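The values are calculated or read from the model by the stated rules, or taken from the named source; none is laboratory data. From a predicted model like this one, the values you see are computed outputs, not experimental measurements. Here the Cβ is made from the backbone with ideal geometry for all residues, glycine too, and neighbour counts use every protein chain on show. Note: areas computed on protein heavy atoms with side chains; ligands, DNA, RNA excluded. Shrake-Rupley method; radii C 1.70, N 1.55, O 1.52, S 1.80 Å.
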Amino acid sequence: MIEVKSVSKSFDGLRAIDNIDMTVNSGSIYGLVGTNGSGKTTILNMLCGVTRQDTGTIMFDGARVYENPAIKQRLWYIPDDLAFYGPYTINELARFFSRMFPHWNAAILDVTLQHFQLDRDKRISRMSKGMRKQAVFALGFATGPDYLILDEPIDGLDPLVRQCIWELIVDASADRGMTTVISSHNLREMEGFCDSICAINHGKVFIERDLDDLKSDTHKLQVSFGSNVGGTADKQGSAARTGIDVYRDLNVLKQWSSGSVDFLIVRNSQQELDRFVATAKPVLFDRIPLTLEEIFIYELDRGNK
Amino acid sequence: MSIRRSYEVVAANPPAAGNPAAAVAARSDPKRSAGTLVSAAIVVENFRRLWSLALVGLAVLLVSGPIALLLSSPGSRPGMLSTSLENANIGFVGYLIVFPMLIAVMLFRYLDSTGKTNTIHALPITRTALFASNMLSGLVLVIVPWLLLALSLLPFVRFGLHDFMSHATGNNGLFGIDYSSQPGASPHDIGTLLRWLLVSVIVIAFVYALCVLASVITGNAGIAFVVAILLNIIAVALYFIAANMLRTFLFGFPRVNFDYADWLHPIGYLVLNGTHLDNVGALLVFLVVSVAAIIGAGMLYRSFRSERAGDAVAFRGFEVGVSTLVAFLGMCLLGFVFIAIDSTQPPRPSRGLFLVGAVIGGSVCFVVITMMLRKSTKIFTMLSLRRFGVFVVTAALFLTMTTVDVTGYEQRIPSQASVLSATANLADLPMLPYDYSFQGRDITLSDSESIAQLRALHGQILKQRSQKTNENSAKRVDSDWSVPLDIDYRLASGFALSPRSTLRREYTVDGDFLLGSEHYVNLLNSRGYRQANSINRMVGYENLKSFTVGGTMGDSIHTYSLDGISYGELDFDSKDAQTLAALLDEDYEALPAQSSADMAVPDGSSTAKTANRQYLLGLQFVIKNPHADGRANDIPGLAAEPTTRSSAIGDAPFEIVFYYGVTKQYSRSIAWLKAKGYYERLVKASDKLMDAEKAQ
């Protein structure tokens, strides 16, 4: 398990990470999402022990990660910038990592390289972007990590390669309990594979939940109470028509209307929605499932307001 | 087969992992840090990456050393070996300076890139171990070629350890080498090689340590070279800049000398001492500094912030230091350049002109270095302005301390009671009895009368200088020649821990001023001075080999063929020389007070400017010297090279000589010469010699 508690980090007076808490369960795939410059890479750097936090603690199974080679031997980090690997061939890197990581498994590397069809004697810098990431993934899996930290690893890759890499990650999580923390802008893809989501904005966490819980609690509703008898056509919304806020019992994130139909984004449980329907008796009530991307946008919008 | 299935197959047949024991330990106790001080993986990887550089270095050394020796003629080989084993070999020195810098920068070059830095710092190794691994692998890469060079030089040296503690000889020039010697068989043995190796390793360690520090401070390969050079030269530069500033603007401040160069940098040590262990203290200081630099670099590395990777200077505080230092050096250099190109050449360098150059140099250098550090031309911000302010304050303090006499230094003359003795080089004017024979030689005065006269002369020099400053500075001082006058007072300081102290001043004064100075003339007439200036104190009677007639230009009967005078006629043996010298000393001490005209030497020019009516004849004394090639041996009072030598006619060897002018007042000496029957011949020959000199 990875536990991040009350962590803050500043750079030259700018508060990059502001008192965040995160919990990553063992064997789960944890998605880290956020706007550009929100602090995702900073968090990942702290998780890998590259950067030390100013306050708070970051623990891997109860042990701090910074300056702890014992933890780092079980951790593999793939940054966004693969400049380190450029001058080397896969063989050279394999020799180096085999000395650094005690769980190194050359057979895993052979299998993965065969599957990806990569040339072991070719310099990484001479490979395409996708092949570079495949190579780094292959090397990473050969170290047998318990923790995989990925900074936008699959952005820019073709669908086939992305599919393959997700397979590897999911299988490792399922089979041997590997814990993965992955950051990406591709929320649709994250939605399909992540167990938990942490959304960050301006260095603060505004969502951190299991994905299923998040999606089960946040809904998009279409509600209508019909046209107001004797009412004026230019009055919009139920409040305008009825004079009362019928949605006061709902946790409305966003609301807008089109004619007599109200559109709402709410965060309520199914039972609460059932209670609302029973009480308010709308003429029209439709629940539309939200994507992670939509949830993120709405939550972000609400946070900014 | 899907990749998942492949993994299952592999998992069912696991091969041996990299380090099973460490793996088990790491899994079972995650809290325990499994790091070691040095990572074999990092070291091996550095060797793999940089072995070709080390090979190039080795090639440079081998070509400069043993290969050059093998290709040289057997006659020149000992000299070449000496040169190499004192590191006066350009290939060796080039290696000592360049390769540690190159290796250090290459090792820490990854700090230039955020991606590389993050990946490396995510590896399972502590910062300390990472730094130590990089540092040690670099040290090995630099030192191993040198060790191999040492092995390759073994066949060229003899067996034995006698030369290990040898000191540089008295006649050595640069790099502790005695260039005047003609070595026959090589004196070098394994002891030489070991001492050469020891000193060289210290040099390498020092340069390398500072370069490692520079690499960590900057985290940028390009700037690292600049900072590495800066760190290596800073002590030397500051010393010589400060000394030159003080010498230029403080009247009497001693000239810059290189006596302390061996403390400032190991290359300075090599230049002064070669690889001799003449200054073990300096070598120890270099070692301590090297260790301190490495420790400092390690501590900085531990606190290196990865977000600064790629910046020109990784630590903000050092950015201020680097820009201030570079601006400071530029300020002083341009200030000196402005003084040097001043064509009017007033009596003193213009402080105003220096300041103009300093302002321009400091500003330009500050702007340029800031642009380099920021990697941008947009540097005119409040932050830069504040840093410039720091530099201006520092520079103002320095310039005030070095160009203005805030402590009363210039006017300080010790009290008579506090002076135990005084030393001065008073032989730089053409005065009797020696003319220029002992030019540059110091005379030590310990009696109160001569010390009082010296102090009075000192005061007169200061007064004369302050009078000159009130004149129109554009007016040139009409003086034919200037002479150096250095005064060293040995004082009773009265401090328990330092019972003696010294006060030294060095002046360049007009020759005419000195000759016209009452105090100078009184000093030369003082009993203490005459005693210190006697032949016995200067040379020692026992060291006199012979005497003959001599001229003021260093000539003798060996120089000119004089009509009616044969070569052997006027060569008198050591017994006569020693007897005459004793009588001359007695007469000299008993002389009445002389005026400067009485002490003037006939200068041999066609228009004799200083005709001395008391002048009688010139003598040339020859000093015993076991070395046939004319090198001076260690004779009291003859520490400097003599200014005159007799030239060989036929097979006559070179000899060390000095001139002695006899006046008519040397009654005892004249009586003795007459009694021996030498007088007439000597006077006649002396007159002919003077005519011959005038005719030239």
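Miscellaneous remarks
- With respect to (1) touching a residue at least 60 places away in the same chain (Cβ under 8 Å); (2) within 14 Å of chain B (Cβ to nearest Cβ); (3) surrounded by fewer than 18 Cβ atoms within 10 Å (Cβ to Cβ), the lone exception for residue A:47 is condition (3).
- Only listed residue being out of contact with any Asp or Glu (no Cβ under 9 Å at 6 or more places or on another chain), of a type in the set (D, E, K, R) and more than 24 Å from residue B:128 (Cα to Cα), chosen from A:132, A:162, A:176: A:132
- Beta carbons closer than 7 Å, at least 6 apart along the sequence or on distinct chains, never pair a first residue in segment B:652-673 that is on the phi > 0 side of the Ramachandran plot with a second that is at pLDDT below 90 and of a type in the set (Phe, Trp, Tyr).
- Looking only at segment B:252-264, and only at residues there that are at pLDDT 85 or above and open to solvent by less than 40 Å² (accessible area, probe 1.4 Å), the one that is farthest from the chain's Cα centre (by Cα): B:252
- Qualifying residues in segment B:129-162 (those that are open to solvent by less than 30 Å² (accessible area, probe 1.4 Å) and without any contact (Cβ under 8 Å) to a residue 60 or more places away in the chain) - the one nearest to the other protein chains (Cβ to nearest Cβ): B:150
- Residue satisfying condition, being free of Cβ contacts under 8 Å to residues at least 24 places away in the same chain, in contact with a Leu (Cβ under 9 Å, 6 or more places away or on another chain), open to solvent by less than 30 Å² (accessible area, probe 1.4 Å) and farther than 26 Å from residue A:33 by Cβ, within set A:127, A:131: A:127
- Scan of segment A:89-119 for residues that are touching a helix residue (DSSP H, G or I) at 6+ places or on another chain (Cβ under 6 Å), at pLDDT 90 or above and open to solvent by 70 Å² or more (accessible area, probe 1.4 Å), ordered by number: A:99
- Selection count, segment A:36-90, where residues are in a loop (DSSP other than H, G, I, E, B) and at negative phi: 20
- Positions within segment A:1-24 being within 14 Å of chain B (Cβ to nearest Cβ) and not charged (D, E, K, R), in sequence order: A:1, A:2, A:10, A:11, A:13, A:14, A:16, A:17
- Residue that is surrounded by the fewest Cβ atoms within 10 Å (Cβ to Cβ), among those in segment B:354-409 that are among the hydroxyl-bearing types (Ser, Thr, Tyr) and assigned to a helix (DSSP H, G or I): B:400
- Any hit, segment A:19-33, residues being modelled with pLDDT of 90 or more, open to solvent by 10 Å² or more (accessible area, probe 1.4 Å) and more than 18 Å from the chain's Cα centre (by Cα): yes
- Matching residues in segment B:90-128 - criterion: being within 8 Å of chain A (Cβ to nearest Cβ), touching a residue at least 24 places away in the same chain (Cβ under 8 Å) and farther than 16 Å from residue B:308 by Cβ: B:124, B:125, B:126
- Some residue of segment B:328-346 being surrounded by 19 or more Cβ atoms within 10 Å (Cβ to Cβ), acidic (Asp, Glu) and either in contact with a helix residue (DSSP H, G or I) (Cβ under 8 Å, 6 or more places away or on another chain) or modelled with pLDDT under 75 (or both): no
- Residue selected from segment B:420-460 under the condition at pLDDT below 85 and aromatic (Phe, Trp, Tyr), by the criterion surrounded by the most Cβ atoms within 10 Å (Cβ to Cβ): B:438
- Looking only at residues of segment A:70-112 that are small (Gly, Ala, Ser) and facing another protein chain (nearest Cβ under 7 Å), we find that the one that is farthest from residue A:178 (Cα to Cα) is A:83.
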